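Peer 1: Structure provided below as structure tokens; questions to follow.
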Amino acid sequence: SAQKDLTTLLNDSSITLPIGYVNVDSLLMNYNFAKDLNESLLRKQESTRATLNQREGQIRNAAADFERKLRNNAFLSTERAQQEQNRIMQMDQEYQQLAERLTQEFMIEQEKLNIQMEDTIRARMREFNRDKHYEIIFSNRTTSTILLAEDKYDITNEVVEFLNSKYGPATAAATSGK
């Protein structure tokens, strides 16, 4: 019967079906393009943090200065003290807006890079499959559609090698030309 043939076929370990899966987490850790995108995101995050820290420092100094002057009655008038306090509150408000804007920009950038990454991988997979002839290639993510698969169907390393051959070395690994 056909059922019997299929069982025999599936139990024959020398036979591999034209399917494969890619462990996406492993792929992203080893694909040089992904490493570079990650690196650029980290740099952006770092520069954002530095900008915000600098602003925070300026506000802290201004506030401490204000407190000291207030204690020493160094303001010529209550009006002057009030003006200075308003200036500091304004600085703080601008800081909050800046932090919000930079966080927003970072999230947009991250989203953009993720889409770029997925598009690149999808396009390259077509190219990869031209001479491999897989019927299906699954991705194996934490929200995976694959609950169990034989190791022989794991083509992650092969895919990573292929992708890197099309992209080249990660700039992080190469001597930093950027």
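The values are calculated or read from the model by the stated rules, or taken from the named source; none is laboratory data. As the structure is a prediction and not an experimental result, all values here were calculated from the model. Cβ coordinates were reconstructed from backbone atoms using ideal geometry, including for glycine residues, and neighbour counts include every protein chain displayed. Protein only, heavy atoms only, side chains kept; ligands, DNA and RNA dropped before computing areas. Shrake-Rupley method; radii C 1.70, N 1.55, O 1.52, S 1.80 Å.
Peer 1: Hey, could you check the stretch 39-67 for residues that are over 23 Å from MET117 (Cα atoms) and open to solvent by 80 Å² or more (accessible area, probe 1.4 Å) and say which is nearest to the chain's Cα centre (by Cα)?
Peer 2: Restricting to residues being over 23 Å from MET117 (Cα atoms) and open to solvent by 80 Å² or more (accessible area, probe 1.4 Å), the top hit is ARG49.
Peer 1: Of all the residues that make up the stretch 78-137, how many are open to solvent by 50 Å² or more (accessible area, probe 1.4 Å) and more than 29 Å from LYS35 (Cβ to Cβ)?
Peer 2: Counting residues in the stretch 78-137 that are open to solvent by 50 Å² or more (accessible area, probe 1.4 Å) and more than 29 Å from LYS35 (Cβ to Cβ) gives 18.
Peer 1: Here are PHE75, PHE66: which of them is more than 30 Å from PHE33 (Cβ to Cβ) and at pLDDT below 95? Break it down stepwise before answering.
Peer 2: Values: PHE66 fails: at pLDDT below 95.
Residue meeting the stated conditions: PHE75.
Peer 1: Here's something else I'd like to know. Identify, please: which residue in the stretch 2-43 is in contact with a Phe, Trp or Tyr (Cβ under 7 Å, 6 or more places away or on another chain) and of a type in the set (Phe, Trp, Tyr) and is, among those, farthest from PHE106 (Cα to Cα)?
Peer 2: Residue satisfying both the conditions and the ranking: TYR21.
Peer 1: So, one more: Looking only at the stretch 69-84, which residues are farther than 20 Å from GLN58 by Cα and among the acidic types (Asp, Glu)?
Peer 2: Across the stretch 69-84, the qualifying residue is only GLU79.
Peer 1: With respect to LEU70, is the statement that it is assigned to a helix (DSSP H, G or I), open to solvent by less than 30 Å² (accessible area, probe 1.4 Å) and not acidic (Asp, Glu) true? Show your work before the answer.
Peer 2: Working: assigned to a helix (DSSP H, G or I): yes; open to solvent by less than 30 Å² (accessible area, probe 1.4 Å): no; not acidic (Asp, Glu): yes.
No, not satisfied.
Peer 1: Scan the stretch 138-178 residue by residue and report those that are open to solvent by less than 100 Å² (accessible area, probe 1.4 Å), modelled with pLDDT under 85 and either over 16 Å from LEU37 (Cα atoms) or charged (D, E, K, R) (or both).
Peer 2: ASN140, ARG141, SER144, ILE146, ALA149
Peer 1: Of all residues being open to solvent by 70 Å² or more (accessible area, probe 1.4 Å) and polar (S, T, N, Q) in the stretch 1-31, which is nearest to ILE115 (Cα to Cα)? Just the residue, please.
Peer 2: THR16
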